[in-house]
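Structure, as structure tokens:
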Amino acid sequence: MPKGKTIFHCFILAFHSFAGDGLIVFVLGSEWKLRRRFFAGDWAGGLAGELRGVGADVPGPAADMQVAMLNRAFRGASSADFVWESKLPLNYEDVIGRVFEKDGVFFKGLCKRDIYARLCRPNSFDGGTKRVWLDKTTGKTCMLISSNGLAITGIDDRRYWTRIPTEESRFYSVAYLQQIWWLEVYGEIEFPFPAGSYSLFFRLQLGRSHKRFGRRLCNSEHVHGWDKKPARFQLSTSDGQKETKQCYLREPGKWIHYHAGDFIVPSSCKSMKVKFSMTQIDCTHTKGGLCVDSVMIVPVDRTRLQRF
């Protein structure tokens, strides 16, 4: 926390009221003046607001973490299951069952805070081809699907596609297209998404990047054909939602998230199947020089892409 924040001049005194009011928290400033009084039921939000009032930036679950560091009594209260269960999606048990199919029993011995912390970390599943985690601000699912988890036409023919290692991918490998007439990339995921709105993106780059003497360079010798016809992105869900977009692929040497569409999960259901694709089908010309890294599913607020 930046120097000078008055939170360092505050301390917390917590005790149980004999009048039956539950937990009462007093926040005192450096001049020992009573700042605020909070009753059980809204102490987490109230205290977070008080800390923000004295200059601390403590949004969402981060408030509980910072408060727990200030006082031993509050540390115990901040670990209570009812605090952290409210931050978990309603169907978090279904998420655990889908992601940790073999290790789901392990979670039965964990408190809600530890479950929340585990789900907020990137967790691999489906043979390491997918990663999923909870967004700490919204509590919704974020997901990455690697190129190894996609169905790519001609991927096994080295005349067209190759797998190349790179540190620019979360999966340390991308599919590189040298040249082809018929581009088809398909994928699908069946997952118990928490209720909310989601966006789906393809992470692509024209050209093959590499490093030389510590500098990032991009080889664009195979890049061609993308200015002739736009690529088509399609998305559909098991409950009938559909969206189609067309876009020219541009800017060689730069990773770009191409928006394929949005979908809505009306309620935290058992499972929703999402199908998606990218195609550029035109036998009048070839196209090449494309890196396919992954597909990303995130809460609909696209500004969150900078976090990933």
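Only a single criterion out of (1) at pLDDT below 60; (2) assigned to a loop (DSSP other than H, G, I, E, B) is not satisfied by Gly49, namely (2).
In this structure, Leu88 does not qualify as within 18 Å of Ser271 (Cα to Cα), at pLDDT 85 or above and assigned to a strand (DSSP E or B). The set of residues in segment 242-274 being surrounded by 15 or more Cβ atoms within 10 Å (Cβ to Cβ) and outside any strand (DSSP E or B) consists of Leu249, Pro252, Gly253, Trp255, Ser268, Cys269.
Checked against the criterion of being of a type in the set (A, V, I, L, M, F, W, C) and either closer than 30 Å to Gly289 by Cα or buried (at least 20 other Cβ atoms within 10 Å of the Cβ) (or both), the candidates Trp133, Trp161 yield just one match: Trp161. Of the residues contained in segment 134-148, none is found to be within 30 Å of Ile180 (Cβ to Cβ), assigned to a loop (DSSP other than H, G, I, E, B) and assigned by TED's automatic domain parsing to the domain that holds His222. Here the condition is being within 18 Å of the chain's Cα centre (by Cα) and within 23 Å of Leu249 (Cβ to Cβ); of Ile145, Ile180, it holds for Ile145 alone.
The values are calculated or read from the model by the stated rules, or taken from the named source; none is laboratory data. Since the structure is predicted, the reported quantities are computational estimates derived from the model, not experimental observations. All Cβ positions, even for glycine, are placed from backbone atoms using ideal geometry, and neighbour counts span all protein chains on display.
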